[in-house]
Amino acid sequence: MDRNSTIIKTSIIGIVTNILLAGFKAGVGIVSGSIAIVLDAVNNLSDALSSVITIIGTKLAGKEPDKKHPLGYGRIEYLSAALISVIVLYAGITSFVESIKKIINPELPSYQTSSLVIVAVAIVVKIVLGTYVKKVGESVNSESLVASGEDAKLDSVISASTLLAAIIFIITKVSLEAWLGAVISIVIIKAGLEMLRDNLSLILGERVDLELSSEIKKTIASFPEVQGAYDLLLHNYGPDRYIGSVHIEVPDNITIYRLDQLQRQIAAKVYEEHGVAIEGISIYSQNSDSSAAGKLRNVIVRNIIGNHENIKQIHGFYLDEIKNIVAFDMVISFKEKDKEKLHQDVISELKAVYPQYDFKINMDRDFSD
């Protein structure tokens, strides 16, 4: 079964389960006069809506690329996950408001054994459903399913608080469900805000996962001619759609024919092993350590660049002995607040030691580890 079919099938299971639970809880809540159980039933309907949104989002994200969106519609999945987060947030706020009303104007509920059994069963069902949906979501890299699974688990906490309040009331005749409802509502609001924050972060564009970037660079470096892979930049157009570029360092005596072969082989292997399309491969020519450029590079790295903690590495080193130009890329940590000052400091230090050279330094950010 492909990824989209798995997401839709799991969402349908969630819809059916939540509608059944909502019907049972609504009936129990009305009979017992428990606002907490009625709100819990409404929350189950919001969960069903979340699953509907997941299905719609998956369908839209799976649309074929067109002229207006040549890289497809995969990012719609992030939007649908963000929308589910808003629903969770809304449910938490609504529950909090209703709980406060009950605190101000309390009403004594009436519980029956059958109703408590149904609530207990609902807790187990929501835990199982939430765990299952979240696990499937993680396995197929679906933020919408993960959000729905988290929502279901939060519902089990609400139901558990309702059951606890009922047991306390039966034993002590003290009604705490409104207070417990308020506390749990705050927990749900916090979870909704965190889910929304995480999904908005994905929409904005996050740093590529360390494991993925490391594995891609390892694959590229597996070719004997590749002396280093740098500046890997991946653009995410959906959970399973990456397009990127990379710089590779190769010996200065490599032939054009072999270089063309190498680029094609790298792109094919990265796509085959990682599902990532490398659309651009830039070339750095690596000087041997025994050459004038190699010796200069080693001295600069060891004695000057190593003195700045926010310089992560240099690469693409180039020496023009005729024009006395030294050029290289310098990768700067995001911890560095003043890139321009660092740039000027490094050039000043280099000029103090090597006044005969004109230094051209390109400042890179560490887009991947």
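The numbers here are math on the coordinates, done by the rules we state, and not lab data. Bear in mind that the values here come from a model prediction, so they are computed numbers and not experimental data. Here Cβ is always computed from backbone atoms with ideal geometry, including for glycine, and neighbour counts include all displayed protein chains.
Observations, loosely collected:
- Residue-wise HN-Hα coupling along the range 77-94, computed from phi with Karplus coefficients 6.51, -1.76, 1.60 (Hz; x: Gly, Pro): 4, 5, 5, 5, 5, 5, 5, 4, 4, 5, 5, 4, 4, 5, 4, x, 5, 4
- Straight-line cross-link reach from residue 173 at under 27 Å between alpha-carbon atoms covers these lysines, not counting any fewer than eight positions away in the same chain: 25, 101, 102.
- The range 265-321: equivalent-ellipsoid semi-axes (sqrt of 5 x gyration tensor eigenvalues, Cα, Å): 30, 16, 9
- Under-5 Å amide H pairs with residue 284, H placed in peptide plane, nonlocal only: 248, 249, 250
- Residue among 97, 51, 15 farthest towards the positive dipole end of the chain, charges placed on Cβ: 97
- Semi-axis lengths, Å, the chain, gyration tensor of Cα atoms, sqrt of 5 times eigenvalues: 59, 24, 14
- Links that overshoot a 24 Å alpha carbon limit, given the list 217/323; 59/217; 217/295; 153/190; 269/312: 217/323; 59/217; 217/295; 269/312
- Of the residues 278, 189, 119, the one whose Cα sits farthest toward the positive end of the charge dipole of the chain, with +1 on the Cβ of Lys and Arg and -1 on the Cβ of Asp and Glu, is 119.
- Restricting attention to the chain, close to 45% of DSSP beta bridges with both partner residues there are antiparallel.
- Stokes-Einstein diffusion of the range 181-293 at 25 °C, 0.890 mPa s viscosity, Kirkwood radius from Cα pairs, rounded to a whole number: 148 µm²/s.
- Here the range 210-365 is assigned +1 on the Cβ of each Lys and Arg and -1 on the Cβ of each Asp and Glu. Its dipole about the Cα centre then comes out at about 200 debye.
- Each 10 Å bin, from zero up to the one with the longest distance, holds this percent of the alpha carbon pairs of the range 210-365: 9, 36, 32, 19, 3, 0.
- Between the amide H of residue 366 and those of 332, 334, distances stay under 5 Å, these residues lying 5 or more places away or on another chain, with hydrogens modeled in the peptide plane.
- Whether the range 3-204 is rounded, prolate or oblate, judged on the alpha carbon gyration tensor where a/c under 1.5 counts as rounded: prolate
- Each peptide among 306-316, 89-99 gets the average number of other Cβ atoms lying within 10 Å of its residues, and from highest to lowest they stand as 89-99, 306-316.
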